[in-house]
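Heads up: the structure comes next, in structure tokens.
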Amino acid sequence: MGAMSGQCLCGAVKFKATPKESEMGVCHCAMCQRWAGGVFMAVSCGVSVEIEDETQLGVYQSSDWGERCFCKVCGSTLFWRMRDGTNTAVSAAAFEDSANFAFTSEIFIDEKPSTYEFANVTKQQAGPEVIAAFTAQLEKGAEA
Amino acid sequence: MSEKIGQCLCGAVKFKATPKNAEVGVCHCSICRRQSAGPFFAIDCGDSLVFEDATHVGAFASSDWAERGFCTRCGSTLFWRLKDKSINIVAVDLFDEPGDMVLDHEVFIDEKPGYYSFAEKTKQMTGQEVFEMFADGGEGQA
């Protein structure tokens, strides 16, 4: 995919990013739910995110390895990213044109409240599986 | 429902509120989706929302009559409310123990992108229908 532009609700944070693929995933983890007012719908953009002006970018460290970015003016939920900069999951709705994303995966499905479920057929992973895959990837990275 | 306690992700914002009922609504409008990285899941708490300490409550006016709340420290999406604070629609996932909730209605269904939909059968309203409901039930222009 090519670079796509996006921004927060008020426009104080503008960015360009290149999604790795046109696939969107949903995180149901308790932290994302609390942070995002429900599910966090995001697109993996690797290391491609370029923020035009970081003055109003709020950054909250939510774990040893991850941090959550938002606009300090309007509160828009923007990115979950690795603290080492190796990957950023960008809110699908922050892109100017999100119409062509396909919803293909749901993670932390074991933390999803029973209140709702999506009608879409997706690849689903529980939290422990996600963390195991993620840890393996980190170890592989450390060896390389 | 009884009074419930809730907080943002980092705990800088703590509050008490009494949901009017157990009916969760989802808003698909483009403003909600941009602010909350997807549909906004919330519950009507009327005028019962009280913050323990409002130091870290940010409010962004997204229209002439309404504003959106967030934690200025962690960015958690907190609420949509009328500026006069008579109606507070609070993010349901902020509550420590929401209890048994049902997905009851979806608003601004005409702004929902095609790439997701919910399995539940809900009452669905377009943006126009929501505005008309406010205009009928409220005092003049909402």
Global geometry of region A:100-144, whether rounded, prolate or oblate, following the gyration tensor of its Cα atoms and the 1.5 cut on a/c | oblate
What pairs from A:Lys16/B:Lys112; B:Lys83/B:Lys112; B:Lys85/B:Lys121; A:Lys16/B:Lys85; A:Lys72/B:Lys14; A:Lys14/A:Lys140 go past 29 Å between their alpha carbons?
-> B:Lys85/B:Lys121; A:Lys16/B:Lys85; A:Lys14/A:Lys140
For chain B, shape from the Cα gyration tensor axes a ≥ b ≥ c, cut at a/c of 1.5 then a/b versus b/c, turns out rounded
Summarise the long-distance tail of P(r) for region A:7-53 by giving the % of C-alpha pairs beyond 17 Å.
-> 50 percent
Can you list, largest first and rounded to whole Å, the semi-axes you get for the protein assembly as shown by taking the square root of 5 times each eigenvalue of its Cα gyration tensor?
-> 30, 20, 20
When you look at the Cβ of every residue in B:15-27, what mean number of other chain Cβ atoms sits within 10 Å?
-> 1
Using 0.36 nm per residue of separation minus the Cα-Cα distance, give me the extension gain between A:Ala136 and A:Met1 in nm, one decimal.
-> 45.9 nm
Cα-based equivalent ellipsoid, chain A: semi-axes from gyration tensor eigenvalues, Å = 22, 19, 16
If amide H atoms are built 1.01 Å from N in the plane of the peptide, which residues on other chains or at least 5 residues away come under 5 Å of the amide H of A:Met4?
-> A:Ala17, A:Thr18
What is the Cα centroid distance between region A:20-48 and region A:78-144, reported in whole angstrom?
-> 5 Å
Among B:43-52, A:47-56, B:72-81, the order from most to least packed when residues are scored by Cβ within 10 Å on average | B:72-81, B:43-52, A:47-56
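Sort out the exposed loop trypsin sites (Lys or Arg not before Pro) in chain A (DSSP loop, at most 13 other Cβ within 10 Å) and tell me the longest stretch that has none.
The longest uninterrupted stretch comes out as A:21-82.
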When you count, for each residue, the other Cβ atoms within 10 Å and take the mean per peptide, how do A:24-32, B:13-21 rank with the highest first?
-> A:24-32, B:13-21
So, relative contact order of chain A in percent, Cα under 8 Å, 6 or more apart, is 24 percent
Between B:Phe51 and A:Asp84, the two model label points (7 Å from Cα along the beta-carbon direction) sit apart by a distance in nm of 3.7 nm
Average beta-carbon neighbours from other chains, 10 Å sphere, peptide A:67-74 | 5
Taking each residue of B:80-86 in turn, how many C-beta atoms of other protein chains fall within 10 Å of its C-beta, and what is the average?
-> 0
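Since every read-out is calculated from the coordinates, none of them should be taken as a lab result. Nothing here was measured: the structure is a model prediction, and the numbers come from that model. No Cβ is skipped: glycine too gets one built from the backbone with ideal geometry, and neighbour counts run over all protein chains shown.
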